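The values are calculated or read from the model by the stated rules, or taken from the named source; none is laboratory data. Here the structure is a predicted model, which means the values were calculated and not measured. Just so you know, the surface numbers come from the protein's heavy atoms only, side chains and all, with ligands and any DNA or RNA stripped out. Shrake-Rupley method; radii C 1.70, N 1.55, O 1.52, S 1.80 Å.
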Amino acid sequence: MEKLELLFMEQEQMLETLSHQLYLQQKDIASALLEIERLNEKLKTLTPSAVGNQADEPPPPHY
């Protein structure tokens with residue numbers, strides 16, 4: 001019976017650890033999604049000249 005109780009306690013601790021890790025990952029994902037959204041909005045506000053024009057780039061070297 002003691003062995004079962006110890007196994008149960010270990011399992012309970014493992015579940016708590018996994019739950020905490022999942023919580024931290026969810027926070028990281030939410031933060032990354034907000035950053036992607038912010039960057040998308042910033043990209044939409046850029047004018048084409050701010051992004052760059054292919055005509056302004058030097059031609060590639062010829063081999």
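A few remarks follow.
- Of all the criteria given as (1) modelled with pLDDT of 95 or more; (2) open to solvent by less than 100 Å² (accessible area, probe 1.4 Å), the one not satisfied by G52 is (1).
- The residue list E16, E35 contains one member that is among the charged types (D, E, K, R), open to solvent by less than 100 Å² (accessible area, probe 1.4 Å) and modelled with pLDDT of 95 or more, which is E35.
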